[in-house]
Amino acid sequence: MHAWPASEVPALPGQGRDLRIHDTATGGLITSAPGSVARIYVCGITPYDATHIGHAATYNAFDLVQRVWLDTKRQVHYVQNVTDVDDPLLERADRDGLDWAELAERETALFREDMTALRMLPPRQYIGAVEAIPGIVPLVERLRDLGATYELDGDVYFSVESDPHFGQVSNLDAAAMRLLSAERGGDPDRPGKKNPVDPMLWMAAREGEPSWDGGSLGRGRPGWHIECVAIALDHLGMGFDVQGGGSDLVFPHHEMGASHAQALTGEFPMAKAYVHAGMVALHGEKMSKSKGNLVFVSQLRRDGVDPAAIRLALLAHHYRADWEWTDQVLQDAVTRLGHWRAAVSRPDGPPAEALVEEIREALANDLDAPAALAAVDRWTVLQEESGGTDTGAPGVVSRAVDALLGVAL
Ligand code: 5CA
Ligand code: ZN
């Protein structure tokens, strides 16, 4: 699949800082991406509805990760998937009388437009589950040959016992895992399973559902977790720097993905850091396609909201926090954007070097975007109150806000 166009990232004066980021697996901060090429996999959308603010907030977090790395002159290898065949997509297509493939294509196209408008850096590889199937089948066959799978009525399951490190991403107990498995696409109550949370690797073809040639596995379609593993291993290999997504992916998705990859390769860990963004809520509940309490990026854009204001609204919250979208959140962002634009359009201002360092320091400290915004606010207030004579400063601020925060002023 093609991704979306990249917006330019201006180079900044001075030295970027190494990113310290929270790793779910160890529960602490780690200094990420020791090498000159940083490798990141971020789970993509299931395209049965438009991009909502919750999605945008999660992609914003991983966009910041990359901007901090780029500021240190590292190259970034970014891979993202599109879950363009899965139960929720097929159910929605069925409900609305649509062709599932057309629905996926339409919503993926809209996602690209939203990401472009929000100035999110595009992945180098943007891969659909369907196009990944030829790479998934041999991985499932290999897992089977390693004795890590079993079959129930033609469906191939992964046995979590086959990875000695299973459980080390989420650190949850068996009861919690079972609950989350039932909520998030698993089938813990299916009779015959070795462990209730064992996930499906390959689902045998069902009447009326799309299916593909699975070689020795028979016709069917891939499970959700192996999809991301196949794409990540194909393009990034083991031991990549960041596996990213929202906190609702910690279990089962990222736990199972890590175990698939570790069982396949015998190497540990799949990713050096598992990084998770908090959940955005609307009217007191997690924004989710299944509940329908959504604010769409595309709708806000149609309503005339500047994408830069949407981005500032996201940045006003720490990526790990759970937070609530309200009209006030957007209004505050619109106001802030107005102040910032007025400030950088003045011919001069207070020196900007210290501000650039403050933004860098805030983001390097586990992506503290709210602290970065506060630093820019202080510079604009100082300029309003006491002016300043540095003619280069507004340009430096504008470039720093663009390069590090993805906001075009
Ligand atoms: N296709 C899978 C990942 S392989 C999937 O979870 N798709 S999704 O469309 O449901 O979600 C896409 C990304 O948005 C995931 O990282 C998910 O964790 C994140 N996300 C979904 N809802 C919210 C929300 N309310 N707040 C923050 N992030 C969210
Ligand atoms: Zn994924």
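The values are calculated or read from the model by the stated rules, or taken from the named source; none is laboratory data. Because the structure is a prediction, the values reported are computed rather than measured. When we count neighbours, we look across all protein chains shown, and the Cβ atoms used for this are built from the backbone with ideal geometry, even at glycine. Protein only, heavy atoms only, side chains kept; ligands, DNA and RNA dropped before computing areas. Shrake-Rupley method; radii C 1.70, N 1.55, O 1.52, S 1.80 Å.
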| request: Quick one: which residues, 5 or more positions from Val82 or on another chain, have an amide H under 5 Å from its amide H? H modelled 1.01 Å from N in the peptide plane, none for Pro or chain starts. | output: Ile127, Gly128, Ala129
| said: Run lengths n ≥ 4 of DSSP H only: what is the helix-derived mean residue ellipticity at 222 nm for the chain, with -39500 (n - 2.57) per run over all residues, to the nearest 500? | reply: -13500 deg cm²/dmol
| query | Once phi is turned into θ = phi - 60°, what whole-Hz ³J(HN,Hα) does the Karplus curve with 6.51, -1.76 and 1.60 give for every residue of the stretch 284-297, x standing for Gly and Pro? | reply | x, 10, 3, 5, 8, 4, 6, 8, x, 8, 10, 10, 8, 4
| said: What does the extension gain come out to for Ser7 and Asp99, with contour length at 0.36 nm per residue minus their alpha carbon separation? | reply: 29.8 nm
| request: Work out how much length Arg346 to Asp366 would gain on full extension: take 0.36 nm times their residue separation and subtract the Cα-Cα distance, in nm to one decimal. | output: 4.0 nm
| task | Have a look at Leu12, Ser211, Val275 and report the one farthest towards the positive end of the charge dipole of the chain, computed about the Cα centre with Cβ charges (Lys/Arg +1, Asp/Glu -1). | result | Leu12
| said: For a quick check of understanding: with a 1.4 angstrom probe and all protein chains in place, what accessible area in square angstrom does Trp69 have, to the nearest ten? | reply: 0
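For the stretch 304-405, just say rounded, prolate or oblate: build the C-alpha gyration tensor, square-root its eigenvalues into a ≥ b ≥ c, call rounded for a/c under 1.5, and beyond that prolate if a/b exceeds b/c, oblate if not.
The shape class here is oblate.
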| said: I'd like the distance between the alpha-carbon centres of the stretch 292-367 and the stretch 110-146, rounded to an integer number of Å. | reply: 29
| note | Taking a crude spin-label model, label points 7 Å out from Cα along the C-beta direction, the Thr31 to Arg106 distance in nm is 5.1
| said: Quick check: pseudo-label points 7 Å beyond the Cα along Cα→Cβ at Thr391 and Glu357, how many nm apart are they? | reply: 2.5
| Rounded if a/c under 1.5, otherwise prolate or oblate - the stretch 19-282, Cα gyration tensor axes | oblate
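Ranked highest first by average number of other Cβ atoms within 10 Å, how do 206-218, 74-86, 30-42 line up?
Those peptides, ordered most packed to least, come out 74-86, 30-42, 206-218.
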| field | Efficiency of FRET between Asp189 and Glu161 - r from beta-carbon atoms, R0 22 angstrom, step 0.05 | value | 0.70
| query | Along the charge dipole of the chain, Cβ charges K/R +1 and D/E -1, which of Ala132, Gly192, Val65 sits furthest on the positive end? | reply | Val65
| request: Count the net charge of all other residues whose Cβ sits under 10 Å from the Cβ of Leu312, scoring Lys and Arg as +1 and Asp and Glu as -1. | output: 0
| message | Restricting to DSSP loop positions (anything but H, G, I, E, B) with no more than 14 other Cβ atoms inside 10 Å of their own Cβ, which trypsin sites (Lys or Arg not before Pro) remain in the stretch 255-327? | response | Lys291
